[in-house]
1. Could you tell me which of rounded, prolate or oblate describes the chain, using a ≥ b ≥ c as the square roots of the eigenvalues of the alpha-carbon gyration tensor, with rounded for a/c under 1.5 and, failing that, prolate when a/b is larger than b/c and oblate otherwise?
2. Over the chain, what is the mean sequence separation of C-alpha contacts under 8 Å (at least six apart), divided by residue count, expressed as relative contact order in percent?
3. Taking amide H atoms as placed 1.01 Å from N in the peptide plane, list the residues 5 or more away in sequence, or in a different chain, whose amide H sits under 5 Å from that of MET111.
4. Net charge around GLU114, counting only other residues with Cβ within less than 12 Å of its Cβ (Lys, Arg = +1; Asp, Glu = -1)?
5. For a test of the definition: using alpha carbon positions, the gyration tensor, and the 1.5 limit on a/c, classify the stretch 60-115 as rounded, prolate or oblate.
6. Quick check on my link table: of LYS81/LYS118; LYS34/LYS73; LYS34/LYS64; LYS38/LYS64, which ones sit more than 21 Å apart, alpha carbon to alpha carbon?
7. For PHE50, enumerate residues with amide H under 5 Å from its amide H, sequence gap 5+ or separate chain, H modeled in the peptide plane.
8. Apply 1/(1 + (r/R0)^6) to the Cβ-Cβ distance of VAL89 and THR112, taking R0 = 35 Å, and write down the FRET efficiency to the nearest 0.05.
Amino acid sequence: MKKMILLTLFGSLLFFAHSRITFSESNIMSMLTKHDAKALSGDTSACDDFASDLAVSLTAESAKGRWEVEGGKDEMCGYLKEASAALTVLHVSTSSDFNDVIITRSGFPWMTAEVHYKQRTTITASNLPQITSESDDVVQLKRTLTGLKIQSVKSHATGGI
């Protein structure tokens, strides 16, 4: 009986420690930065970072008007495919900065986290002026057996084309 209690306690501590590491700011930002790089480069594995029940709400306002993307994983992956194709055709380079990061963990022992941040993306290409877009993003992450998955994305961007 004593052995069973110690094993349960040890297992609980390991699970808690794993949660703490998984939802650390450095791990979350590393995951989001890698995801952003894959998405902008046209790497189709960026869609693997999304949960199957993904909920998406993207809006962008620029001098040419406003556009929106809403839906789930299929809509988001379609949007990423179109955006990365355009970036590939134009032979652009991109850089992104993440600022004002706030992580709110929930679900003992931390099964989900909501990440608020501001992202500034600069796109440069020969024969085109530099394009800068700024967005306020909220991303909901969930912990799965295979790692972190993006469960929802809400983004409001300004600038760009």
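1. Cα axes put the chain in the prolate bin.
2. 23
3. SER106
4. Details: positive: ARG105, LYS142, LYS154; negative: ASP137.
Charge balance in the 12 Å sphere: +2.
5. Cα axes put the stretch 60-115 in the prolate bin.
6. Those over the limit are LYS81/LYS118; LYS34/LYS64; LYS38/LYS64.
7. ILE150
8. Rounded to the nearest 0.05, the efficiency is 0.40.
Read-outs throughout are calculated quantities, based only on the coordinates presented, and are distinct from any laboratory measurement. Please read these numbers as outputs of a predicted model, since none were measured by experiment. Cβ coordinates were reconstructed from backbone atoms using ideal geometry, including for glycine residues, and neighbour counts include every protein chain displayed.
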